[in-house]
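Working notes for the structure below.
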Amino acid sequence: MLVLGKNMFKRKVANLRRSGVLVLVLVAVLLANYIGSVLYARFDLTEDKRYTLSEVSETTFDKLDGKAYIRTFLGGELPIEFMRLRNGLSELLEEYDVRSEHQIEFVHENVQDVAHNEEDLQAYQRELIAHGIEALTVHERNAAGTQSERIVFPGLCISYRGQTLYVNLMRRDVTRNNDENITIALQRLEYVITSALAQLLQQNKPTVAFTTSHGELSQPYITDWQRDLTRRFKIQRFDTLSRVGMLDSCQMLVIANPKTPFSELEKLVLDQYVMRGGRLLLFINPVCTSVDSLQQYGRTFAIANELNLDDLLYRYGVRISTHLLQDAQCAPVPVNMAAVGEGARFTPLPWSYYPLLTPQSYTLLSRNVPFVYSRFPVTLELTKTNDSILKVPFLTSSKYARVVATPRMVELSEIREDLSRRPMPLADVPVGVLLEGKFRSVFEHRPLRTIAQGQTFDFRAKSTGARIVIFGDGTLAANDISYQNGRERILPLGFDKYTQQTFGNKELLENITLYLGGYEELLLLRGREYASQLLDARRLVRDRFQLLVLNITLPLLLLLFMGGIWWFIRWQRYRR
């Protein structure tokens, strides 16, 4: 009886120990859940820190004074590649929600479920397109082998304190496949969303000035670009540059395709603006051509046009030539290939005077920007003078280019020549250049009182840090206009109506305006990159059977191994 009592006592003690262990485990789990609900920690172990938010985003969250609501248009069933975009977007927005102390809420909206019938659906899709959300047509092949089309709207809408902003998440670059385009979109997600939030929070906008007194691009042709500019800047136009210092309050000055010469007084105004740290964005083409004449008569005369800016720009470090650029990498134009007496039969053929310029990846100004559409550009030459200036050619020709002198007659019949048989000896010819540093005034040692027409001002012979961006194409920022039923329709900047493709003009200008406009931190965020972890498609095909066997058998073997270890431990414990 005594032995039996001792055994019962031992069992009770063992049971109490087990109960105590269970209670401790339960308390530990409850405590861990409580700590997890109060404290938040996330460790980014990726090499490129793709899941770590930037300081710009954190600073933006601190400025939020109320809830921001984000509605994406990526809900419902999506093609597989766009599910990757939605998953990446969800992960980022969840991080935004936590880091902003739950000031940001988001939902994925299924565009198909918003409308009750086909007519309402089409009206809603047109509304999204009108707000700038690009509609992408994706071709899918189902298990039965039939092909279908689906329209995807990779965009979102942000609402904050009565303001609403629509944001396009990606643009399809026809030179890349869907996976590459989506990878670029994923890299830019934080920039796109943080930039949109910053726009909604912005109170004081800097001023961007446009000159209008030299035949510059008229309002309809810069409407699309200015629509984007007004999100961050106030727009001011100057019909005359008559007083030194009148531009000092402007963050940036734009001169877009002037046609008439600048006077010495106007150049002095520009020069002193630069000497005071001003920032210039110039679209200059000293060669006059006529696209209308080319389309109507099949020819246009290319002749140099004096703008009286050569000495100013040469002193700053660049010379704008009067040689037209021809490039084997170019956009097509429709040409009537029908014989005489036949009906019109238009065929798109590459037109070397419309080069697709290459944005260089070694600078944030042009990184990840698609080809840029250009018409009759001229080349830029970096001078040896003022070598203290940083000179960065960020937009160039391809590796197969040449220049032709002007004046010359440009005839559309040249398009029939085989580009592969033309000598194209030049490579990476600059068409867009950044100049940055401390510039010397071109008016140093000149009679200022006579030039300034009696004005008194504090002349500066050397600038503080200034920035200048020059393009050898006056129409790089110009959108096309179409007419339907007598109504004017503004086409997107960079859109080619012949090929129905949108090139990188708008994205390049957005980078440049961020850089010149004082938003360098957003440009750094926009240029962020991480390596794409895509599967090796060739290995998947080659080793398909082995990979299937590995994926099926390895989990089962691991499960059997762990079960065997557990069985062995129990057998060792209870065999006695």
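For ASP418, the conditions (1) within 26 Å of the chain's Cα centre (by Cα); (2) under 24 Å from TYR498 (Cα atoms) are fulfilled apart from (1).
THR385 fulfils the conditions (1) at pLDDT below 95; (2) more than 28 Å from LEU270 (Cα to Cα) except for a single criterion, (2). Of the residues in the range 422-442, at least one is over 34 Å from the mean Cα position of the chain (by Cα), over 27 Å from ARG299 (Cα atoms), surrounded by 11 or more Cβ atoms within 10 Å (Cβ to Cβ) and not hydrophobic (A, V, I, L, M, F, W, C). Looking at THR59, THR72, THR46, which one is out of contact with any Asp or Glu (no Cβ under 7 Å at 6 or more places or on another chain), modelled with pLDDT of 85 or more and of a type in the set (Val, Ile, Thr)? Step by step, each of THR59, THR72, THR46 is checked, and only THR59 is out of contact with any Asp or Glu (no Cβ under 7 Å at 6 or more places or on another chain), modelled with pLDDT of 85 or more and of a type in the set (Val, Ile, Thr).
Restricting the search to helices (runs of 4 or more DSSP H) fully inside the range 483-576 and requiring at least 1 residues that are at pLDDT 80 or above gives 505-516, 520-526, 544-574. When the range 365-382 is filtered for residues that are modelled with pLDDT of 90 or more and surrounded by fewer than 20 Cβ atoms within 10 Å (Cβ to Cβ), the ones remaining, listed by number, are ARG375, GLU381, LEU382.
Listed here are the residues, each with its yes/no results for (1) assigned to a helix (DSSP H, G or I); (2) among the charged types (D, E, K, R); (3) modelled with pLDDT of 95 or more.
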site: PHE210; (1), (2), (3): no, no, yes
site: SER213; (1), (2), (3): no, no, no
site: ILE222; (1), (2), (3): yes, no, no
site: ARG231; (1), (2), (3): no, yes, no
site: ASP248; (1), (2), (3): no, yes, no
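Between SER388, SER361, SER352, which is among the hydroxyl-bearing types (Ser, Thr, Tyr), more than 24 Å from ARG440 (Cβ to Cβ) and assigned to a loop (DSSP other than H, G, I, E, B)? None of the others qualify; the one that does is SER361. Selection of first residues in the range 472-484 that are closer than 23 Å to VAL318 by Cα and of second residues that are surrounded by fewer than 22 Cβ atoms within 10 Å (Cβ to Cβ) and among the basic types (Lys, Arg), restricted to Cβ pairs under 8 Å at least 6 apart or on distinct chains, gives the following pairs, ordered by first then second residue: ASP473/ARG375; THR475/ARG375.
Within the range 82-117, can you find the residues that are under 21 Å from ALA135 (Cβ atoms), loosely packed, with under 15 Cβ neighbours inside 10 Å and among the charged types (D, E, K, R)? Hit for the range 82-117 is ASP113, nothing else.
Restricting to the range 187-239, and then to whatever is under 21 Å from the mean Cα position of the chain (by Cα) and without any contact (Cβ under 8 Å) to a residue 12 or more places away in the chain, can you tell me which residue is nearest to THR59 (Cα to Cα)? If we take residues in the range 187-239 being under 21 Å from the mean Cα position of the chain (by Cα) and without any contact (Cβ under 8 Å) to a residue 12 or more places away in the chain, then THR230 is nearest to THR59 (Cα to Cα).
Only a single criterion out of (1) outside any loop (DSSP other than H, G, I, E, B); (2) within 24 Å of ASP248 (Cβ to Cβ); (3) in contact with a Ser or Thr (Cβ under 6 Å, 6 or more places away or on another chain) is not satisfied by ALA198, namely (2). PHE61: surrounded by 15 or more Cβ atoms within 10 Å (Cβ to Cβ), in contact with a strand residue (DSSP E or B) (Cβ under 9 Å, 6 or more places away or on another chain) and in a helix (DSSP H, G or I), yes or no? The answer is yes for PHE61.
Taken over the range 114-131, the criterion of being modelled with pLDDT under 80 and closer than 27 Å to ARG171 by Cβ is satisfied by VAL114, ALA115.
Listed conditions (1) in contact with a strand residue (DSSP E or B) (Cβ under 7 Å, 6 or more places away or on another chain); (2) over 18 Å from TYR515 (Cβ atoms) are all met by SER213, apart from (1).
All of (1) without any contact (Cβ under 8 Å) to a residue 12 or more places away in the chain; (2) not in a loop (DSSP other than H, G, I, E, B) hold for HIS102 with one exception: (2). Taken across the range 274-291, residues that are in a loop (DSSP other than H, G, I, E, B), surrounded by 22 or more Cβ atoms within 10 Å (Cβ to Cβ) and within 28 Å of the chain's Cα centre (by Cα) do occur, with at least one present.
The values are calculated or read from the model by the stated rules, or taken from the named source; none is laboratory data. Model, not experiment: these values are computed from the prediction. Here Cβ is always computed from backbone atoms with ideal geometry, including for glycine, and neighbour counts include all displayed protein chains.
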